[in-house]
Structures are given as structure tokens and as C-alpha cells.
């Protein structure tokens with residue numbers, strides 16, 4: 001395999017691993033419809049429904065006796081618009097840039113979820129959750145000026161989470177679960193070298209890989225007083241040994257050749273401290289501080305699947321992040337609860353040089369409203385809406401071909417917004 005081909009792959013794969021979703025980085029916060037109405041504030045202490053399997057398995061001991069089911073989905077719409085601001089190339093003939101701003105790279109997606117919890121007896125509960133925990137789809141037109149720094153990324157990660165909880169006493173419940181996760185990563189990027197160097201025009205590289213990984217999550221809830229509950233939870237990182245293929249739109253024998261590849265992707269660990277505080281008989285306030293270990297995504301190492309030898313590496317330079325949320329639930333009457341929430345979510349991207357085309361990620365602020373309707377003793381319905389405000393973001397991303405030889409620098413500004421609408425059905429029997 002020609003070294004030019006091998007050195008190109010790490011930069012491309014790193015772009016796919018840096019998608020943008022509803023939470024910072026490419027994490028999906030939208031795991032329940034009930035939490036969407038409070039900006040997911042205090043989720044690790046709320047124990048509203050079977051969705052606590054995801055947020056804090058210890059909360060299963062606080063649910064009504066019998067079977068509890070929570071299922072639904074969130075419609076997530078993102079708008080990502082790029083404005084070119086001085087992108088450059090060392091040679092328009094040999095390394096041509098795209099010609100447009102690429103259109104709206106966002107889109108609309110459905111994020112489904114489902115949870116089940118069952119009280120075996122007064123102290124023991126079991127449960128199961130199925131939901132996508134990380135994900136992203138970003139796609140620009142192929143004419144995009146920054147296509148050689150990435151124009152398409154699709155990350156899909158589904159998590160299967162069997163859980164158990166035990167009520168130690170009236171003040172303490174503990175819980176834990178296993179996470180069986182499957183990740184598929186797919187991306188496309190233009191090949192900068194063109195006819196000026198004897199390469200095909202408008203060529204591109206298409207890389208796709210997938211793998212399973214196993215992790216765990218732990219949680220505890222402390223009922224400090226009848227009106228005060230504290231939740232703590234930890235979810236481990238997951239290591240995916242991706243296996244897949246890379247193909248070119250047009251191969252160049254001995255230089256740009258289709259091959260099988262491997263790469264390791266680590267999705268980060270996270271920990272949350274949450275509070276549920278009842279004020280009077282009608283109002284419950286929720287708050288949380290959540291940390292995410294995004295720094296595990298630093299260097300992406302590519303290996304040749306046939307030999308196992310390291311081919312090249314790229315420093316991605318993510319930083320650990322934090323999130324803080326504040327929300328409330330107001331019992332309007334026997335049938336209706338009204339919800340509200342705000343949150344601030346820190347981006348893991350350190351600088352403009354680290355910000356890729358498929359991760360126009362920046363600090364974001366959540367504003368949420370929602371409601372729960374109690375249809376009957378056994379059935380309730382949640383609806384929640386969130387608008388996410390993104391801070392201004394720019395990029396100055398280098399395009400190397402081969403590694404260490406910068407041919408282009410993509411400079412520009414991103415305007416990003418996101419809206420989500422969640423709907424959830426809760427059933428107890």
C-alpha cells in the first residue's frame with residue numbers, strides 16, 4: 001500500500017468521529033421525552049418514569065409497583081450553515097477547493113427510545129433500556145468549499161442496557177447495569193489532489209466501520225429528607241475496535257486503492273450529581289452538574305487490518321467538558337404537570353484549528369418547555385420542546401495530503417441552531 005493512501009485515512013476518520021448532536025460533541029442527550037421538557041436537568045435524581053433506567057438505575061425503586069414502560073421518540077432538527085471566509089489552497093489547479101458554502105448541512109432525524117422496569121419485590125427491581133446514546137448526521141453538497149476537510153458524516157450508536165436496583169433502606173437505593181453498544185461510523189471526504197497532478201477530478205474517499213463494545217453504569221439515590229433527593233451516577237467509556245472498508249470514487253493503482261482498515265473509537269465516560277427538591281406540595285425543582293471525559297478522543301490511530309501495523313495517527317485534541325442544568329415541574333392539577341428548564345453545555349472543541357466541517361460544535365444553551373398529562377391512573381403522556389442556542393464558531397482547518405503537507409486551509413464561520421420535540425408514553429400495570 002502506498003504511504004500517501006495510508007496517511008490520508010486518519011484525517012478522514014477523525015472527521016467522522018466528530019459529529020454534532022443535541023449534547024456537546026456527538027453525544028445524544030435526548031434519551032427520554034419526559035426529560036426534554038426540563039432540559040434534562042436533574043435527570044439522575046428525578047425518577048419520573050422507566051426512563052430512569054438510563055439516567056440512574058437506582059431510581060427504579062421509586063417507581064410504582066409492577067411493570068413500568070416508557071417509550072417514544074424525539075424529532076431533532078439541526079441547521080448548520082457555513083460561510084466561507086478566506087479558505088486557501090497552495091494551487092487551484094493541483095489542489096482545487098470546492099466552489100460553494102455547501103448548503104444546509106443539518107437535517108431532521110428521529111431518535112427512538114424504550115424502557116421497561118419491574119419491581120420484583122419491595123426492595124429489588126430490574127429493568128431494560130434501548131436507546132441511541134451517540135450519533136450524528138452532517139452532509140454538505142459535494143461542491144462545498146471545505147469538502148476536502150469532510151462533507152459527510154454519519155455516526156449511529158445504539159445502547160442495550162439491562163439494569164438492576166436494590167433499596168437498601170428508606171434513605172438509600174443503589175443500582176447498576178451493563179451496556180451492550182453497537183457503533184457504525186460512516187464518512188466521506190474529497191481527495192484534494194486533482195488533474196493538475198494526474199489524479200481524477202472530483203474524487204472522494206468513503207470510509208465505513210462498525211463494532212460492538214461492552215461497558216457499565218452505576219448509580220445511587222439518597223432520600224435525605226422527604227422533600228430532598230440526591231442522585232449520583234457514572235457511565236463508563238466504551239472502546240470500539242472498528243473494522244471496515246475504505247473505497248475511493250476512482251482508484252489510482254498503487255496510490256489510492258480500496259482496502260480494509262481498523263481503528264479504535266472510544267466514547268467518553270460521564271458522571272452526574274443531581275438534585276430533586278420539592279417546594280411545597282406543587283413544585284419540584286431539579287438541578288445537575290454533569291462531567292464528560294471527552295479528552296479520551298485525542299489521537300486516532302489507524303491500522304492496516306491485514307498486518308496490524310500502525311500506519312499513521314492524528315491528534316484530535318478534545319477536552320473534558322461539563323454541563324449544568326436547572327429545571328422545574330409544577331403540578332397544575334390532578335391531570336396536568338407543567339415543565340421548564342435551562343442548561344449550559346460546554347463544547348469539547350478547543351480551538352478553530354480543531355473544529356472540523358462535520359463538527360461545527362460550540363458552547364450551547366438549552367431552553368425547554370414541556371408538560372405531562374395523566375390520562376388515567378396507569379397511563380400518562382409527556383411532551384417536551386427544546387431550542388438550543390449555539391455560540392458563534394469559526395474554523396481554520398488544515399487539509400494535508402499526504403500527512404505533514406498542508407495543501408489547503410478551510411476558513412469560515414458556522415451558524416448552527418437545533419430544535420427538538422419529544423413525545424413519550426408511560427404505562428404502569
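Couple of notes before you dig in:
- Unmet criterion (only one of (1) without any contact (Cβ under 8 Å) to a residue 12 or more places away in the chain; (2) under 30 Å from residue 291 (Cα atoms)) for residue 333: (2)
- Residue within the range 167-175 that is exposed (fewer than 15 other Cβ atoms within 10 Å of the Cβ) and touching a helix residue (DSSP H, G or I) at 6+ places or on another chain (Cβ under 7 Å) present: no
- Filter pass, residue 138 being under 30 Å from residue 427 (Cα atoms), out of contact with any helix residue (DSSP H, G or I) (no Cβ under 7 Å at 6 or more places or on another chain) and assigned to a strand (DSSP E or B): no
- Screening residue 175 on (1) closer than 26 Å to residue 129 by Cβ; (2) under 18 Å from the mean Cα position of the chain (by Cα) shows it passes everything except condition (2).
- Members of the range 100-127 found to be modelled with pLDDT of 95 or more, on the phi > 0 side of the Ramachandran plot and surrounded by fewer than 18 Cβ atoms within 10 Å (Cβ to Cβ), listed by number: 103
- Exactly one residue out of 193, 220 is assigned to a strand (DSSP E or B), touching a residue at least 40 places away in the same chain (Cβ under 8 Å) and surrounded by 20 or more Cβ atoms within 10 Å (Cβ to Cβ), and it is 220.
- Restricted to the range 403-423, and to residues there that are in contact with a strand residue (DSSP E or B) (Cβ under 7 Å, 6 or more places away or on another chain) and more than 30 Å from residue 36 (Cα to Cα), the residue that is modelled with the lowest pLDDT is 403.
- The set of residues from the range 370-397 being closer than 16 Å to residue 353 by Cα and in contact with a helix residue (DSSP H, G or I) (Cβ under 7 Å, 6 or more places away or on another chain) comprises 394, 395, 396, 397.
The values are calculated or read from the model by the stated rules, or taken from the named source; none is laboratory data. If you're wondering where the values come from, they're calculated on a predicted model, not measured in any experiment. A quick note on method: Cβ atoms are made from the backbone with ideal geometry, for glycine too, and the neighbour counts reach across all protein chains shown.
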